[in-house]
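Written below as structure tokens is the structure these notes are about.
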Amino acid sequence: MAKKQKTIRQLVKIADRWFSQYIRLKYAFGNGMCICVTCGKPYHWKKIHAGHYIVRVWMRTRYDGCNVHPQCCYCNTWLNGNTEMYHDYIIDTYGQEEIDALKRISRISPNSADRDELEKLIETLKLVVAKLRKDKGL
Ligand SMILES: [Zn+2]
């Protein structure tokens with residue numbers, strides 16, 4: 001029986017999962033801890049979220065490393081991203097120009113995900129995540 005092709009929605013879900021792991025592992029210290037970029041509290045990389053500065057509905061910045069960072073559940077979910085603090089973090093880390101660029105890129109149309117791009121992204125992320133886990137021993 002031929003393998004049923006995944007829908008774009010399914011691919012986005014898979015890419016989200018790998019991208020979130022990538023972000024959390026990228027910022028994790030050797031002991032597995034990550035710092036929430038908006039409140040500064042430490043959490044284990046498996047417990048912390050990957051929070052978006054520009055919300056995920058905008059596909060072009062959904063998988064942009066400058067737009068996504070470790071964020072605790074409280075800031076990400078209960079404080080809806082803790083946007084004021086996140087804005088300060090982005091300014092301090094990347095500068096106003098990067099914020100302007102992110103906003104510009106996020107609004108480029110069409111605001112959609114491409115099957116080939118998503119499949120490639122997922123394959124790349126799998127490799128990067130495996131390497132990060134190996135390198136950091138996590
Ligand atoms: Zn937090």
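The values are calculated or read from the model by the stated rules, or taken from the named source; none is laboratory data. Source: prediction; values computed, not measured. Virtual Cβ from ideal backbone geometry, glycine too; neighbours counted across all protein chains shown. The area values use the complete protein model at the heavy-atom level, side chains included, leaving out ligands, DNA and RNA. Shrake-Rupley method; radii C 1.70, N 1.55, O 1.52, S 1.80 Å.
Whole Å is fine, so just give me how far the alpha carbon centre of the stretch 122-138 lies from that of the stretch 1-57.
Value for the Cα centre distance between the two parts: 13 Å.
Obtain the nm distance between the two label points defined at K46 and D16 by a simple spin-label model: each point lies 7 Å from its Cα along the Cα-to-C-beta direction.
2.2
Leaving out ligands and nucleic acids, note down the accessible area per residue over the chain with a 1.4 angstrom probe, in whole Å².
Details: 8730 Å² over 138 residues.
That works out to 63 Å² for each residue.
In terms of the Cα gyration tensor, with a ≥ b ≥ c the square roots of its eigenvalues, is the stretch 8-133 rounded because a/c is under 1.5, prolate because a/b exceeds b/c, or oblate?
On the way: a/c = 1.77, a/b = 1.12, b/c = 1.59.
Oblate, since a/c reaches 1.5 and b/c is not below a/b.
Please report, as a whole percent, how much of the solvent-accessible surface of the chain comes from carbon and sulfur atoms (probe radius 1.4 Å).
On the way: 4810 of 8730 Å².
Using a 1.4 Å probe with all protein chains present, the chain comes out at 55 percent carbon and sulfur.
Take V128 and V55, extend 7 Å from each Cα along the Cα→Cβ direction, and tell me the distance between the two endpoints in nm.
Reported label-point gap for V128 and V55 is 2.5 nm.
Per DSSP H run of n ≥ 4, the term is -39500 (n - 2.57); total these for the chain, divide by its residue number, and report the mean residue ellipticity at 222 nm rounded to 500 deg cm²/dmol.
Numbers: 4 runs with 65 residues, N = 138.
Calculated mean residue ellipticity at 222 nm is -15500 deg cm²/dmol.
Setting aside same-chain residues fewer than 8 positions from K47, which lysines have a Cα under 30 Å from its Cα?
Leaving aside lysines fewer than 8 places away in the same chain, those within reach of K47 are K6, K13, K26, K103, K120, K126, K131, K134, K136.
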